[in-house]
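Report on one structure; see the data block that follows.
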Number of protein chains: 2
Amino acid sequence: MAKAKNSKKEKPVILITNDDGITAPGIKALTDAVKDLGKVVVVAPDKPQSGMGHAITIGQPLRLTAVETFGDIEAYQCSGTPVDCVKLAVDKVLHRKPDICLSGINHGANHSINVIYSGTMSAALEASIESIPSIGFSLLDYSIEADFAGAAYYANLLVKQIISKKIDKHLCLNVNIPIAPKELLKGLKVCRQAYAKYEERFDERHDPSGRKYYWLTGEFQNFDKGKDTDVWALENNYVSVVPVQFDLTNYTLKTKLQKVLTQKH
Amino acid sequence: MAKAKNSKKEKPVILITNDDGITAPGIKALTDAVKDLGKVVVVAPDKPQSGMGHAITIGQPLRLTAVETFGDIEAYQCSGTPVDCVKLAVDKVLHRKPDICLSGINHGANHSINVIYSGTMSAALEASIESIPSIGFSLLDYSIEADFAGAAYYANLLVKQIISKKIDKHLCLNVNIPIAPKELLKGLKVCRQAYAKYEERFDERHDPSGRKYYWLTGEFQNFDKGKDTDVWALENNYVSVVPVQFDLTNYTLKTKLQKVLTQKH
(Lines give C-alpha, C1' and ligand atoms only; values in the text may rest on other atoms or scores of the structure.)
Protein backbone atom coordinates (compact mmCIF):
# COMPACT_ATOMS: atom_id res chain seq x y z
CA MET A 1 0.00 0.00 0.00
CA ALA A 2 1.43 3.38 -0.96
CA LYS A 3 1.86 5.86 1.85
CA ALA A 4 -0.81 8.50 1.49
CA LYS A 5 0.72 11.95 1.89
CA ASN A 6 -1.17 14.64 3.70
CA SER A 7 -1.45 18.03 2.18
CA LYS A 8 -0.14 20.71 4.52
CA LYS A 9 -3.65 21.59 5.61
CA GLU A 10 -4.57 18.07 6.72
CA LYS A 11 -3.92 17.00 10.28
CA PRO A 12 -1.45 14.15 10.76
CA VAL A 13 -3.15 10.81 11.41
CA ILE A 14 -2.10 9.30 14.76
CA LEU A 15 -2.85 5.60 15.33
CA ILE A 16 -2.89 4.57 18.99
CA THR A 17 -2.75 1.03 20.37
CA ASN A 18 -1.47 -0.73 23.49
CA ASP A 19 -1.10 -4.14 25.10
CA ASP A 20 -3.00 -3.60 28.35
CA GLY A 21 -6.30 -3.54 26.46
CA ILE A 22 -8.61 -0.77 25.35
CA THR A 23 -10.07 -0.16 28.83
CA ALA A 24 -6.68 0.52 30.49
CA PRO A 25 -6.22 4.05 31.90
CA GLY A 26 -2.83 4.34 30.12
CA ILE A 27 -4.29 4.39 26.61
CA LYS A 28 -6.83 7.03 27.64
CA ALA A 29 -4.01 9.15 29.09
CA LEU A 30 -1.99 8.81 25.84
CA THR A 31 -4.99 9.70 23.68
CA ASP A 32 -5.71 12.79 25.78
CA ALA A 33 -2.02 13.79 25.69
CA VAL A 34 -1.77 13.93 21.89
CA LYS A 35 -5.29 14.62 20.63
CA ASP A 36 -4.43 18.25 19.89
CA LEU A 37 -1.60 17.14 17.57
CA GLY A 38 -3.61 15.38 14.86
CA LYS A 39 -6.52 13.14 13.99
CA VAL A 40 -6.35 10.33 16.53
CA VAL A 41 -7.73 6.83 15.85
CA VAL A 42 -7.57 4.08 18.49
CA VAL A 43 -7.39 0.36 17.63
CA ALA A 44 -6.48 -1.70 20.69
CA PRO A 45 -6.87 -5.25 22.03
CA ASP A 46 -10.18 -6.11 23.69
CA LYS A 47 -8.33 -7.77 26.59
CA PRO A 48 -4.91 -7.51 28.27
CA GLN A 49 -2.07 -8.81 26.06
CA SER A 50 0.98 -8.16 28.22
CA GLY A 51 3.97 -10.35 27.48
CA MET A 52 2.64 -11.27 24.04
CA GLY A 53 5.84 -10.12 22.34
CA HIS A 54 5.56 -10.00 18.57
CA ALA A 55 2.81 -12.63 18.45
CA ILE A 56 0.40 -12.55 15.54
CA THR A 57 -2.85 -14.43 15.03
CA ILE A 58 -2.50 -16.84 12.14
CA GLY A 59 -4.68 -19.80 13.07
CA GLN A 60 -7.96 -17.99 13.64
CA PRO A 61 -9.82 -14.95 12.34
CA LEU A 62 -10.00 -11.55 14.04
CA ARG A 63 -12.92 -9.41 15.14
CA LEU A 64 -13.02 -5.62 15.13
CA THR A 65 -15.72 -3.69 17.00
CA ALA A 66 -16.32 0.07 17.25
CA VAL A 67 -16.40 1.41 20.84
CA GLU A 68 -17.52 4.78 22.09
CA THR A 69 -15.47 5.09 25.26
CA PHE A 70 -13.09 7.70 23.82
CA GLY A 71 -15.68 10.46 23.36
CA ASP A 72 -15.48 11.91 19.85
CA ILE A 73 -12.33 9.94 18.98
CA GLU A 74 -12.83 7.02 16.57
CA ALA A 75 -11.98 3.83 18.47
CA TYR A 76 -12.14 0.06 17.90
CA GLN A 77 -11.39 -3.00 19.96
CA CYS A 78 -9.76 -5.97 18.25
CA SER A 79 -9.76 -9.61 19.34
CA GLY A 80 -6.09 -10.08 18.41
CA THR A 81 -2.63 -9.16 19.66
CA PRO A 82 -1.11 -5.64 19.66
CA VAL A 83 0.69 -6.47 16.39
CA ASP A 84 -2.60 -7.64 14.85
CA CYS A 85 -4.15 -4.29 15.87
CA VAL A 86 -1.57 -2.31 13.88
CA LYS A 87 -1.93 -4.51 10.79
CA LEU A 88 -5.73 -4.46 10.90
CA ALA A 89 -5.90 -0.70 11.59
CA VAL A 90 -3.86 0.12 8.48
CA ASP A 91 -5.76 -2.23 6.17
CA LYS A 92 -9.36 -2.03 7.43
CA VAL A 93 -9.79 1.12 9.55
CA LEU A 94 -7.51 3.83 8.17
CA HIS A 95 -7.16 2.41 4.63
CA ARG A 96 -3.76 4.15 4.59
CA LYS A 97 -0.65 4.36 6.72
CA PRO A 98 -0.94 6.73 9.67
CA ASP A 99 1.70 9.45 10.01
CA ILE A 100 2.73 8.01 13.33
CA CYS A 101 1.80 5.03 15.50
CA LEU A 102 1.83 5.30 19.30
CA SER A 103 1.57 2.43 21.75
CA GLY A 104 0.81 2.63 25.46
CA ILE A 105 1.02 4.21 27.89
CA ASN A 106 1.96 0.80 29.28
CA HIS A 107 1.32 0.08 32.94
CA GLY A 108 4.82 -1.14 33.83
CA ALA A 109 8.43 -0.94 32.60
CA ASN A 110 9.60 -1.92 29.12
CA HIS A 111 13.24 -0.90 29.44
CA SER A 112 16.27 -3.19 28.90
CA ILE A 113 15.40 -6.77 27.87
CA ASN A 114 11.68 -6.15 28.43
CA VAL A 115 11.53 -4.67 24.93
CA ILE A 116 11.71 -8.25 23.59
CA TYR A 117 8.69 -9.54 25.54
CA SER A 118 6.60 -6.39 25.37
CA GLY A 119 3.39 -6.28 23.38
CA THR A 120 3.53 -2.48 23.66
CA MET A 121 6.90 -2.31 21.92
CA SER A 122 6.06 -5.06 19.41
CA ALA A 123 3.12 -2.99 18.18
CA ALA A 124 5.47 -0.02 17.74
CA LEU A 125 8.10 -2.18 16.02
CA GLU A 126 5.47 -3.59 13.68
CA ALA A 127 4.59 -0.06 12.60
CA SER A 128 8.24 0.77 11.94
CA ILE A 129 8.61 -2.37 9.79
CA GLU A 130 5.73 -0.94 7.74
CA SER A 131 7.62 2.38 7.38
CA ILE A 132 5.40 4.12 9.95
CA PRO A 133 7.41 6.06 12.57
CA SER A 134 6.37 4.86 16.01
CA ILE A 135 6.80 5.37 19.73
CA GLY A 136 5.98 3.03 22.61
CA PHE A 137 5.44 4.64 26.03
CA SER A 138 5.70 2.82 29.36
CA LEU A 139 5.35 4.14 32.88
CA LEU A 140 7.27 2.34 35.63
CA ASP A 141 4.09 1.89 37.64
CA TYR A 142 1.87 -1.19 37.33
CA SER A 143 -0.93 0.34 39.38
CA ILE A 144 -4.33 0.89 37.77
CA GLU A 145 -4.33 4.25 39.59
CA ALA A 146 -0.92 5.33 38.29
CA ASP A 147 -0.28 9.05 37.79
CA PHE A 148 0.24 9.60 34.06
CA ALA A 149 0.84 13.38 34.25
CA GLY A 150 4.60 13.24 33.62
CA ALA A 151 4.26 10.55 30.96
CA ALA A 152 1.55 12.55 29.18
CA TYR A 153 3.67 15.70 29.21
CA TYR A 154 6.66 13.96 27.59
CA ALA A 155 4.46 12.05 25.16
CA ASN A 156 3.14 15.35 23.85
CA LEU A 157 6.65 16.84 23.66
CA LEU A 158 8.10 13.86 21.78
CA VAL A 159 5.22 13.23 19.38
CA LYS A 160 5.21 16.89 18.34
CA GLN A 161 8.92 16.69 17.50
CA ILE A 162 8.80 13.33 15.71
CA ILE A 163 5.86 14.43 13.54
CA SER A 164 7.52 17.72 12.57
CA LYS A 165 11.14 16.54 12.15
CA LYS A 166 10.48 13.41 10.02
CA ILE A 167 13.74 11.81 11.18
CA ASP A 168 13.42 8.31 9.70
CA LYS A 169 10.51 6.32 8.27
CA HIS A 170 11.62 3.27 10.28
CA LEU A 171 12.05 5.26 13.49
CA CYS A 172 10.85 3.34 16.54
CA LEU A 173 11.36 4.72 20.04
CA ASN A 174 11.11 2.83 23.31
CA VAL A 175 10.22 5.50 25.88
CA ASN A 176 10.05 4.73 29.61
CA ILE A 177 8.98 7.19 32.29
CA PRO A 178 10.08 6.93 35.96
CA ILE A 179 7.58 7.06 38.81
CA ALA A 180 7.94 10.65 39.92
CA PRO A 181 5.90 13.83 39.98
CA LYS A 182 6.19 15.64 36.64
CA GLU A 183 8.21 18.48 38.19
CA LEU A 184 10.97 16.11 39.31
CA LEU A 185 11.54 14.54 35.88
CA LYS A 186 14.81 15.84 34.42
CA GLY A 187 13.94 15.60 30.73
CA LEU A 188 14.41 13.13 27.86
CA LYS A 189 17.62 11.10 27.65
CA VAL A 190 18.54 9.16 24.49
CA CYS A 191 20.01 5.82 25.64
CA ARG A 192 20.98 2.32 24.64
CA GLN A 193 19.19 -0.81 25.88
CA ALA A 194 20.76 -2.05 29.13
CA TYR A 195 21.76 -5.68 29.58
CA ALA A 196 19.41 -6.11 32.51
CA LYS A 197 16.88 -8.89 32.83
CA TYR A 198 14.82 -11.05 35.10
CA GLU A 199 16.59 -13.87 36.89
CA GLU A 200 13.71 -16.23 36.62
CA ARG A 201 12.55 -19.30 38.38
CA PHE A 202 9.30 -21.19 38.63
CA ASP A 203 7.22 -21.55 41.74
CA GLU A 204 6.16 -25.22 41.89
CA ARG A 205 2.68 -26.00 43.28
CA HIS A 206 0.18 -28.83 43.30
CA ASP A 207 -3.43 -28.57 42.15
CA PRO A 208 -6.29 -30.14 44.18
CA SER A 209 -5.85 -33.43 42.29
CA GLY A 210 -2.14 -33.54 43.13
CA ARG A 211 -0.74 -32.62 39.71
CA LYS A 212 2.16 -30.16 39.54
CA TYR A 213 1.94 -26.73 37.97
CA TYR A 214 4.42 -23.87 37.68
CA TRP A 215 4.18 -20.06 38.04
CA LEU A 216 6.83 -17.88 36.42
CA THR A 217 8.47 -15.56 38.96
CA GLY A 218 11.83 -13.90 39.45
CA GLU A 219 13.79 -10.77 40.32
CA PHE A 220 15.01 -8.03 38.04
CA GLN A 221 18.80 -7.65 37.89
CA ASN A 222 20.98 -5.11 36.13
CA PHE A 223 24.25 -6.57 34.79
CA ASP A 224 25.13 -3.38 32.94
CA LYS A 225 27.07 -0.64 34.70
CA GLY A 226 26.99 1.83 31.77
CA LYS A 227 25.70 5.34 32.35
CA ASP A 228 24.39 5.48 28.79
CA THR A 229 21.66 2.88 29.39
CA ASP A 230 17.91 3.21 29.82
CA VAL A 231 18.09 1.65 33.29
CA TRP A 232 20.65 4.24 34.45
CA ALA A 233 18.58 7.09 33.01
CA LEU A 234 15.42 5.90 34.77
CA GLU A 235 17.21 5.45 38.08
CA ASN A 236 18.31 9.07 37.75
CA ASN A 237 14.83 10.42 36.98
CA TYR A 238 15.28 10.91 33.25
CA VAL A 239 12.71 9.79 30.70
CA SER A 240 14.64 7.14 28.70
CA VAL A 241 14.41 7.12 24.89
CA VAL A 242 15.93 4.10 23.12
CA PRO A 243 15.73 3.96 19.31
CA VAL A 244 14.89 0.36 18.39
CA GLN A 245 15.49 -1.55 15.15
CA PHE A 246 14.07 -4.68 13.55
CA ASP A 247 17.31 -5.75 11.85
CA LEU A 248 18.47 -8.31 14.43
CA THR A 249 21.69 -9.17 12.58
CA ASN A 250 24.72 -9.25 14.87
CA TYR A 251 27.26 -7.77 12.43
CA THR A 252 30.25 -8.28 14.73
CA LEU A 253 29.53 -11.99 15.01
CA LYS A 254 28.77 -12.19 11.29
CA THR A 255 32.35 -11.17 10.46
CA LYS A 256 33.78 -13.58 13.02
CA LEU A 257 31.65 -16.51 11.84
CA GLN A 258 32.66 -15.98 8.22
CA LYS A 259 36.22 -16.73 9.34
CA VAL A 260 35.68 -19.65 11.70
CA LEU A 261 32.82 -21.74 10.31
CA THR A 262 33.48 -24.66 8.01
CA GLN A 263 30.90 -24.20 5.29
CA LYS A 264 30.58 -27.84 4.21
CA HIS A 265 32.07 -31.23 5.06
CA MET B 1 21.95 -19.91 38.46
CA ALA B 2 25.66 -20.53 37.87
CA LYS B 3 26.58 -22.17 34.64
CA ALA B 4 27.51 -25.77 35.35
CA LYS B 5 30.70 -26.69 33.54
CA ASN B 6 31.13 -30.15 32.12
CA SER B 7 34.31 -31.99 32.76
CA LYS B 8 35.94 -33.11 29.54
CA LYS B 9 34.55 -36.60 29.96
CA GLU B 10 30.92 -35.47 30.24
CA LYS B 11 28.84 -35.16 27.14
CA PRO B 12 27.54 -31.67 26.30
CA VAL B 13 23.89 -31.18 27.24
CA ILE B 14 21.74 -30.25 24.24
CA LEU B 15 18.30 -28.79 24.93
CA ILE B 16 15.86 -29.06 22.00
CA THR B 17 12.59 -27.19 21.57
CA ASN B 18 10.44 -25.88 18.70
CA ASP B 19 7.27 -23.95 17.95
CA ASP B 20 5.39 -26.48 15.82
CA GLY B 21 4.76 -28.62 18.90
CA ILE B 22 6.31 -31.80 20.22
CA THR B 23 4.60 -34.09 17.68
CA ALA B 24 5.96 -32.24 14.61
CA PRO B 25 8.29 -34.31 12.38
CA GLY B 26 10.84 -31.45 12.36
CA ILE B 27 11.75 -31.79 16.04
CA LYS B 28 12.17 -35.55 15.63
CA ALA B 29 14.47 -34.94 12.65
CA LEU B 30 16.56 -32.44 14.67
CA THR B 31 16.82 -34.79 17.65
CA ASP B 32 17.96 -37.64 15.40
CA ALA B 33 20.45 -35.35 13.65
CA VAL B 34 22.35 -34.38 16.82
CA LYS B 35 21.82 -37.21 19.29
CA ASP B 36 25.35 -38.51 18.70
CA LEU B 37 26.81 -35.13 19.75
CA GLY B 38 25.70 -35.01 23.38
CA LYS B 39 23.03 -35.75 25.94
CA VAL B 40 19.82 -34.56 24.30
CA VAL B 41 16.77 -33.41 26.32
CA VAL B 42 13.57 -32.29 24.59
CA VAL B 43 11.14 -29.74 26.14
CA ALA B 44 8.63 -28.54 23.55
CA PRO B 45 5.12 -27.05 23.40
CA ASP B 46 2.21 -29.48 23.61
CA LYS B 47 0.52 -27.74 20.67
CA PRO B 48 1.54 -25.63 17.65
CA GLN B 49 2.81 -22.16 18.64
CA SER B 50 3.75 -20.68 15.27
CA GLY B 51 3.75 -16.90 15.12
CA MET B 52 3.93 -16.61 18.90
CA GLY B 53 7.02 -14.40 18.72
CA HIS B 54 8.65 -13.83 22.09
CA ALA B 55 5.40 -14.37 24.00
CA ILE B 56 5.65 -15.63 27.59
CA THR B 57 2.93 -16.92 29.87
CA ILE B 58 2.48 -14.57 32.80
CA GLY B 59 -1.21 -14.73 33.63
CA GLN B 60 -1.56 -18.47 34.15
CA PRO B 61 0.52 -21.39 35.36
CA LEU B 62 2.32 -23.92 33.19
CA ARG B 63 2.13 -27.71 32.99
CA LEU B 64 5.03 -30.02 32.16
CA THR B 65 4.46 -33.68 31.25
CA ALA B 66 6.98 -36.41 30.41
CA VAL B 67 6.42 -38.07 27.03
CA GLU B 68 7.97 -41.24 25.63
CA THR B 69 7.76 -40.56 21.92
CA PHE B 70 11.51 -39.92 21.52
CA GLY B 71 12.65 -43.43 22.40
CA ASP B 72 15.40 -43.34 25.01
CA ILE B 73 15.69 -39.54 24.87
CA GLU B 74 14.26 -37.64 27.86
CA ALA B 75 11.36 -35.54 26.59
CA TYR B 76 8.61 -33.30 28.03
CA GLN B 77 5.69 -31.40 26.64
CA CYS B 78 4.88 -27.99 28.10
CA SER B 79 1.59 -26.10 28.01
CA GLY B 80 3.34 -22.77 27.33
CA THR B 81 5.08 -20.93 24.53
CA PRO B 82 8.49 -21.81 23.04
CA VAL B 83 10.12 -19.18 25.30
CA ASP B 84 8.38 -20.69 28.33
CA CYS B 85 9.80 -24.09 27.34
CA VAL B 86 13.38 -22.80 27.48
CA LYS B 87 12.89 -21.09 30.85
CA LEU B 88 11.13 -24.09 32.38
CA ALA B 89 13.65 -26.57 30.99
CA VAL B 90 16.58 -24.77 32.60
CA ASP B 91 14.91 -24.33 35.99
CA LYS B 92 12.86 -27.52 36.41
CA VAL B 93 14.17 -30.19 34.02
CA LEU B 94 17.91 -29.71 33.59
CA HIS B 95 18.52 -27.78 36.85
CA ARG B 96 21.43 -26.14 35.00
CA LYS B 97 22.10 -24.35 31.74
CA PRO B 98 22.51 -26.65 28.76
CA ASP B 99 25.69 -26.31 26.67
CA ILE B 100 23.58 -25.42 23.65
CA CYS B 101 19.90 -24.89 22.88
CA LEU B 102 18.46 -25.91 19.51
CA SER B 103 15.05 -24.97 18.16
CA GLY B 104 13.23 -26.55 15.22
CA ILE B 105 13.48 -27.86 12.65
CA ASN B 106 10.67 -25.46 11.84
CA HIS B 107 8.24 -26.36 9.09
CA GLY B 108 8.51 -23.14 7.07
CA ALA B 109 10.84 -20.19 6.52
CA ASN B 110 12.14 -17.90 9.27
CA HIS B 111 14.47 -15.77 7.15
CA SER B 112 14.32 -11.95 6.84
CA ILE B 113 11.59 -10.26 8.94
CA ASN B 114 10.12 -13.64 9.95
CA VAL B 115 12.73 -13.82 12.71
CA ILE B 116 10.63 -11.26 14.63
CA TYR B 117 7.39 -13.29 14.56
CA SER B 118 8.95 -16.73 14.89
CA GLY B 119 8.43 -18.81 17.98
CA THR B 120 11.32 -21.01 16.79
CA MET B 121 13.75 -18.10 16.80
CA SER B 122 12.34 -16.56 19.99
CA ALA B 123 13.14 -19.76 21.86
CA ALA B 124 16.70 -19.58 20.52
CA LEU B 125 16.99 -15.89 21.37
CA GLU B 126 15.70 -16.54 24.89
CA ALA B 127 18.51 -19.05 25.39
CA SER B 128 21.11 -16.57 24.17
CA ILE B 129 19.78 -13.93 26.61
CA GLU B 130 20.49 -16.53 29.31
CA SER B 131 24.07 -16.96 28.03
CA ILE B 132 23.27 -20.28 26.35
CA PRO B 133 24.55 -20.48 22.75
CA SER B 134 21.64 -21.36 20.49
CA ILE B 135 20.60 -22.19 16.95
CA GLY B 136 17.16 -22.12 15.35
CA PHE B 137 16.65 -24.28 12.24
CA SER B 138 13.92 -23.75 9.66
CA LEU B 139 13.23 -25.63 6.43
CA LEU B 140 11.52 -23.70 3.64
CA ASP B 141 8.82 -26.37 3.40
CA TYR B 142 5.56 -26.20 5.35
CA SER B 143 4.57 -29.75 4.43
CA ILE B 144 4.14 -32.32 7.16
CA GLU B 145 5.94 -34.72 4.81
CA ALA B 146 8.91 -32.41 4.21
CA ASP B 147 12.29 -34.01 3.48
CA PHE B 148 14.58 -33.07 6.37
CA ALA B 149 17.71 -34.87 5.07
CA GLY B 150 19.59 -31.73 4.00
CA ALA B 151 18.53 -29.80 7.09
CA ALA B 152 19.61 -32.66 9.36
CA TYR B 153 23.00 -32.87 7.66
CA TYR B 154 23.75 -29.17 8.17
CA ALA B 155 22.32 -29.17 11.70
CA ASN B 156 24.83 -31.86 12.64
CA LEU B 157 27.69 -29.96 10.92
CA LEU B 158 26.87 -26.66 12.63
CA VAL B 159 26.12 -27.96 16.11
CA LYS B 160 29.40 -29.89 16.16
CA GLN B 161 31.32 -26.70 15.33
CA ILE B 162 29.45 -24.40 17.71
CA ILE B 163 29.91 -26.83 20.62
CA SER B 164 33.62 -27.24 20.00
CA LYS B 165 34.56 -23.66 19.06
CA LYS B 166 32.77 -21.83 21.91
CA ILE B 167 32.50 -18.64 19.85
CA ASP B 168 30.30 -16.49 22.10
CA LYS B 169 28.04 -17.23 25.07
CA HIS B 170 25.31 -15.04 23.55
CA LEU B 171 25.65 -16.63 20.10
CA CYS B 172 22.29 -17.12 18.43
CA LEU B 173 22.05 -18.34 14.85
CA ASN B 174 19.05 -18.19 12.55
CA VAL B 175 19.58 -21.04 10.08
CA ASN B 176 17.28 -21.58 7.10
CA ILE B 177 17.51 -24.46 4.66
CA PRO B 178 16.23 -24.33 1.06
CA ILE B 179 13.92 -26.99 -0.35
CA ALA B 180 16.38 -29.08 -2.33
CA PRO B 181 17.87 -32.55 -2.22
CA LYS B 182 20.86 -32.61 0.14
CA GLU B 183 23.30 -33.09 -2.76
CA LEU B 184 22.25 -29.82 -4.38
CA LEU B 185 22.80 -27.65 -1.29
CA LYS B 186 25.95 -25.54 -1.75
CA GLY B 187 26.97 -25.21 1.90
CA LEU B 188 26.54 -22.73 4.77
CA LYS B 189 26.53 -19.01 4.02
CA VAL B 190 26.84 -16.44 6.82
CA CYS B 191 24.44 -13.60 5.95
CA ARG B 192 22.61 -10.56 7.20
CA GLN B 193 18.81 -10.38 7.65
CA ALA B 194 17.15 -9.18 4.42
CA TYR B 195 14.61 -6.37 4.45
CA ALA B 196 11.92 -8.61 3.01
CA LYS B 197 8.47 -9.02 4.49
CA TYR B 198 4.86 -9.86 3.92
CA GLU B 199 2.70 -7.26 2.25
CA GLU B 200 -0.33 -8.05 4.29
CA ARG B 201 -3.99 -7.57 3.97
CA PHE B 202 -7.06 -9.03 5.62
CA ASP B 203 -9.64 -11.15 3.90
CA GLU B 204 -13.03 -9.85 5.08
CA ARG B 205 -15.83 -12.39 5.57
CA HIS B 206 -19.19 -12.66 7.31
CA ASP B 207 -20.15 -15.33 9.82
CA PRO B 208 -23.56 -17.08 9.67
CA SER B 209 -25.08 -14.36 11.87
CA GLY B 210 -23.84 -11.63 9.55
CA ARG B 211 -20.97 -10.29 11.69
CA LYS B 212 -17.68 -9.46 9.99
CA TYR B 213 -14.44 -11.29 10.68
CA TYR B 214 -10.95 -11.00 9.19
CA TRP B 215 -8.28 -13.50 8.11
CA LEU B 216 -4.67 -12.35 7.84
CA THR B 217 -3.22 -13.06 4.41
CA GLY B 218 -0.61 -11.53 2.09
CA GLU B 219 2.32 -12.05 -0.23
CA PHE B 220 6.01 -12.17 0.59
CA GLN B 221 8.09 -9.43 -1.03
CA ASN B 222 11.83 -8.83 -1.04
CA PHE B 223 12.77 -5.13 -0.97
CA ASP B 224 16.46 -5.88 -0.49
CA LYS B 225 18.70 -6.40 -3.50
CA GLY B 226 21.84 -7.24 -1.49
CA LYS B 227 23.74 -10.45 -2.26
CA ASP B 228 24.79 -10.73 1.38
CA THR B 229 21.26 -11.45 2.66
CA ASP B 230 19.61 -14.63 3.83
CA VAL B 231 16.96 -14.38 1.11
CA TRP B 232 19.63 -14.20 -1.62
CA ALA B 233 21.52 -17.14 -0.12
CA LEU B 234 18.40 -19.30 0.01
CA GLU B 235 17.42 -18.42 -3.56
CA ASN B 236 20.86 -19.61 -4.59
CA ASN B 237 20.64 -22.93 -2.73
CA TYR B 238 22.85 -22.01 0.21
CA VAL B 239 21.94 -22.75 3.82
CA SER B 240 21.65 -19.23 5.32
CA VAL B 241 23.20 -18.52 8.74
CA VAL B 242 22.32 -15.16 10.33
CA PRO B 243 23.80 -14.34 13.75
CA VAL B 244 21.02 -12.66 15.75
CA GLN B 245 21.24 -10.32 18.74
CA PHE B 246 18.87 -9.21 21.48
CA ASP B 247 20.24 -5.68 21.80
CA LEU B 248 17.67 -3.87 19.64
CA THR B 249 19.29 -0.43 20.05
CA ASN B 250 19.62 1.42 16.76
CA TYR B 251 22.99 3.07 17.43
CA THR B 252 22.96 5.16 14.24
CA LEU B 253 19.63 6.72 15.15
CA LYS B 254 20.78 7.12 18.77
CA THR B 255 23.56 9.48 17.70
CA LYS B 256 21.23 11.41 15.41
CA LEU B 257 18.50 11.76 18.04
CA GLN B 258 20.96 13.07 20.62
CA LYS B 259 21.51 16.00 18.27
CA VAL B 260 17.98 16.76 17.11
CA LEU B 261 15.64 16.11 20.05
CA THR B 262 14.67 18.87 22.43
CA GLN B 263 15.04 17.25 25.83
CA LYS B 264 12.55 19.39 27.75
CA HIS B 265 10.24 22.35 27.12
Condition test on B:TYR142, is it assigned to a loop (DSSP other than H, G, I, E, B), aromatic (Phe, Trp, Tyr) and touching a residue at least 24 places away in the same chain (Cβ under 8 Å)? yes
When region A:38-86 is examined, which residues are found to be free of Cβ contacts under 8 Å to residues at least 60 places away in the same chain, out of contact with any Cys (no Cβ under 7 Å at 6 or more places or on another chain), closer than 24 Å to A:LEU158 by Cβ and outside any loop (DSSP other than H, G, I, E, B)? A:LYS39, A:VAL40, A:VAL41, A:VAL42, A:GLU74, A:ALA75, A:VAL83
Of all residues in region A:212-265, count the ones that are more than 20 Å from B:GLU130 (Cβ to Cβ), in a loop (DSSP other than H, G, I, E, B) and at the interface with chain B (Cβ under 7 Å from one of its Cβ atoms). 8
Looking at region A:71-94, which of its residues are away from every other protein chain (no Cβ under 14 Å) and modelled with pLDDT of 95 or more? A:ILE73, A:GLU74, A:ALA75
Could you grab me the full set of residues in region A:75-99 that are surrounded by 24 or more Cβ atoms within 10 Å (Cβ to Cβ) and of a type in the set (A, V, I, L, M, F, W, C)? A:CYS78, A:VAL83, A:CYS85, A:VAL86, A:LEU88, A:ALA89, A:VAL90
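Name the residue, out of A:LYS166, A:LYS182, A:LYS97, that is in contact with an Asp or Glu (Cβ under 7 Å, 6 or more places away or on another chain) and more than 8 Å from chain B (Cβ to nearest Cβ).
After ruling out the rest, the residue left standing is A:LYS97.
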Any hit, region A:186-197, residues being in contact (Cβ under 8 Å) with a residue 12 or more places away in the chain, of a type in the set (Lys, Arg), exposed (fewer than 15 other Cβ atoms within 10 Å of the Cβ) and not in a helix (DSSP H, G or I): yes
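Identify, from the list B:LEU171, B:LEU140, the residue that is more than 12 Å from every other protein chain (Cβ to nearest Cβ) and in contact with a Pro (Cβ under 6 Å, 6 or more places away or on another chain).
Result: B:LEU140 is the single residue among B:LEU171, B:LEU140 that is more than 12 Å from every other protein chain (Cβ to nearest Cβ) and in contact with a Pro (Cβ under 6 Å, 6 or more places away or on another chain).
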Considering only region B:24-37, I want to know if a residue exists there that is hydrophobic (A, V, I, L, M, F, W, C), more than 30 Å from A:GLY80 (Cβ to Cβ) and within 14 Å of another protein chain (Cβ to nearest Cβ). yes
Please work out which residue is farthest from the other protein chains (Cβ to nearest Cβ), limiting yourself to region B:100-115 and to residues that are in contact with a helix residue (DSSP H, G or I) (Cβ under 7 Å, 6 or more places away or on another chain) and within 18 Å of B:ASP247 (Cα to Cα). B:SER112
If you check B:ILE105, B:ILE132, B:ILE113, B:ILE177, which single one turns out to be in contact with a Cys (Cβ under 7 Å, 6 or more places away or on another chain) and either crowded, with 19+ Cβ neighbours inside 10 Å or of a type in the set (D, E, K, R) (or both)? B:ILE132
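The values are calculated or read from the model by the stated rules, or taken from the named source; none is laboratory data. Keep in mind the model is a prediction, meaning the values are calculated, not measured. For neighbour counting, all protein chains shown are included, and Cβ atoms are generated from backbone atoms with ideal geometry for every residue, glycine included.
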